[in-house]
Amino acid sequence: MPLRVYYATSVRGAGRDLEATRRAIQTIKEMGHVALTEHLAGSDESLSDRQVYQRDMSLLEQADLLIADVTFPSLGVGFEICKAIQLGKPVYLIAREGVRVSKLIAGVAEVRRYSSLEEMSALIEDILTSFA
């Protein structure tokens, strides 16, 4: 049965790696799972802030797990991690090598590191394989 994966990453924060986001979504889908946040590979400009909040909280409630790329600091990703914990969802953290991650966030779960998009995809595959 396919997993419903909520992938979180910085969208407006200190940085955004659209190529990494697209690769993560692609990896999730290629494994036969549902990428609930596939919209991150595009733009949310047509939605109001309230609509984005309502959509994302609904998707998070539907998720089996959350994978968060915490390479770039993001209030939104921190909020999503906190909400996932509150909902009892498993949380997995990934980040680029050499990036300092907030101790509060790193205290949630082990931060798995990658240095290339290929390594990031392999981490996601490992997470989803071990979860299933």
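No value in this document is a laboratory result; all are computed from the given coordinates. Since the model is a prediction, treat every value here as computed from it, not as a measurement. When we count neighbours, we look across all protein chains shown, and the Cβ atoms used for this are built from the backbone with ideal geometry, even at glycine.
Taking θ as phi - 60° and the Karplus parameters 6.51, -1.76 and 1.60, the scalar couplings of segment 110-124 work out to 4, 8, 8, 9, 9, 10, 8, 5, 5, 5, 4, 4, 5, 4, 4 Hz in sequence order, x denoting glycine and proline.
Along the charge dipole of segment 53-132, which of L117, I85, T129 sits closest to the positive end, that is, farthest toward it, with unit charges on the beta carbon of Lys, Arg, Asp and Glu (+1, +1, -1, -1)? So the residue we want is I85. Highest mean packing first, where packing is the average number of other Cβ atoms within 10 Å per residue, the peptides 61-70, 100-109 line up as 61-70, 100-109. Under a model in which nothing but the beta-carbon of Lys, Arg (+1) and Asp, Glu (-1) is charged, segment 50-132 shows a dipole of about 420 debye around its Cα centre.
The residue among A68, S10, I105 whose Cα reaches farthest toward the positive pole of the charge dipole of the chain, with charges on the beta-carbon of Lys, Arg, Asp and Glu, is I105. Between D49 and Q26, full extension at 0.36 nm per residue minus the direct alpha carbon distance yields a gain of 5.7 nm. In the chain, the calculated helix contribution to ellipticity at 222 nm averages -13500 deg cm²/dmol per residue, counting -39,500 (n - 2.57) for every DSSP H run with n ≥ 4. Dividing the mean sequence gap of close Cα pairs (under 8 Å, 6+ apart) by how many residues segment 4-131 holds gives a relative contact order of 29 percent.
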